[in-house]
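Have a look at the structure below before the remarks.
Only the coordinates and a few stated rules stand behind these numbers; no lab work does. Remember, it's a predicted structure, so these values are computed and weren't measured experimentally. Neighbour counts run over all protein chains shown; Cβ positions are idealised from the backbone, glycine included.
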Amino acid sequence: MKNRVRSALAEEALLRSKSAEGFAIIALLSGVRFAVASGSYFVLGHLLSPGVFGTYAFCIVVVGFAALLTTIEGRRSVVVAAENVDEVFTHALGIELAMAILVMVVIVIGSPSILWLLNRPEIPPAYLQLLSLQLLITPFELPLALLERRLAFRAIGLIELVSILANSALSIGLAWWGWEVWSLVISTVISAWVRVLLGWLIARPQFVWRLDQQVARQVVSYGAPLTLSNMIGYWYWNVDDLIVGYLLGTVELGYYWVAFKIPHYVLQLADTVSKVTFPVYARMPGDEWLKRTFNWVTKLSAALLLLPAALAFPYGKFIIVTAFGDQWVPAVLTFQIYMLLVAFRGTFRHWADIAMVKGYTHVVLQVTAWVGVLLPVLGYVGTLRYGIAGMATAVALSLIVTSPLYILRMRRWLDIRYLRILWPEGVTGVIVALLGIVVHGLLPDRFIINVLALVMLCGVYVGVLLVLDRPVVSLIGSEIRARLAREPV
């Protein structure tokens, strides 16, 4: 009995250490990734027109919809597998690869007809045909699931960083030489395959060369609800692009896509938290540690995401014009709406990891289904009446209206009280946003003054958060310092 208790305590300590290490490493690399990705878009915003971004966005959305037909969430099946991991990996790879090849053939042959049906016959089919290589990424990225399972977060972070560096360098270089849409298409494909190659080299997966119907059924039965949920989720994440492109054209879609994309690079900070917490949750021995960790990552996400949201509200126009130029002013209001929405999304998104670990995948499906129904209706009406800002508002309303569906369930699963957890971060964000409005209204609208004001507001944010919630600030700082002192990957 004592040995079992010691073993459980040792396992909990290991998971605690690994989760903290994983978040620190991934957060640091994600900060670099965010800086590189957003910096490259700032450069590309000056090199490429909104119409180029709109054309690329439309093609990416179409291929993304097709990609949903190529997955059974084999990656998560590998992470949560209790045994026979190599068999689960092999079967998931085989099933998803067969699906990807079939869909890819359809896209390559049918791309002219697809573009005609979507009212965009002027877009060259070759863009879709080259991007269809992305469909093979889903199965070939499965080795990354093995790295998640091993809690090899340094390796995962390094792979992601190299991929984004490759994407940025290629896209800027090709755009500089006048390749326009091709600069975005080619860099997307090549950087994705760089990530795949590194994943295979580092993970070195083992194959089991036999068909086991029970394992295949296990993979499909676990992944099917998640796949359907992801299809609906992708629909509500991307149907807005289709509606904007269909109703307003590729130039307005370019404004909308950049206004959406930049805030969602910030959201990737919360995504990296999920990359750490999901495999750790899957190995946790009890609900108490699960609840403590959930509270921690939720507060951490709020602390990271509310600062840029609070700054974007008074200084959104300054940020957009400085980064992209005066031609992007129509994107400002949409950018501000999405910065606020990203703070909401990133803070509350970790409930889905708990649902999947506990086997409540049907709840994820229910929530995404409701959003998938609301968003197209509200988005179509909003876009017709108010343009791209109307679509952004419709997205926000759809997510906020459906949030009680999971907030109430979280109380039953782990007795989570969001208000009790998040009030310090929320109050801090409101104080900084209001102070920013006052400061921006009183001071002259000059570059150096605006930069100094943003720096000052960042300092105020950290200071207020230290007063209201010192542990979360101390935790971020101490973990980053500790990991920086260690040897590199």
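Things worth noting here:
- For the range 142-207, averaging the sequence separation of C-alpha pairs within contact (under 8 Å, six or more residues apart) and dividing by the residue count gives a relative contact order of 43 percent.
- Order by protection proxy (mean Cβ within 10 Å, highest first), peptides 457-468, 242-253: 242-253, 457-468
- Likely footprinting exposure, Phe207, Phe294, fewest C-beta neighbours within 10 Å first: Phe207, Phe294
- Residue order, fewest to most surrounding Cβ atoms within 10 angstrom, among Lys261, Lys299: Lys261, Lys299
- Estimated inter-spin distance, Ile137 and Glu122, nm [label 7 Å along Cα→Cβ]: 2.7
- FRET efficiency, 1/(1 + (r/R0)^6) with R0 35 Å, evaluated for His46 and Met456 via beta carbons: 0.80
- Once the Cβ-Cβ distance of Arg446 and Trp177 is raised to the sixth power relative to R0 = 51 Å, the FRET efficiency obtained is 0.90.
- Fewest-first sequence of Asp240, Asp86, Asp469 by Cβ atoms within 10 Å of each Cβ: Asp86, Asp469, Asp240
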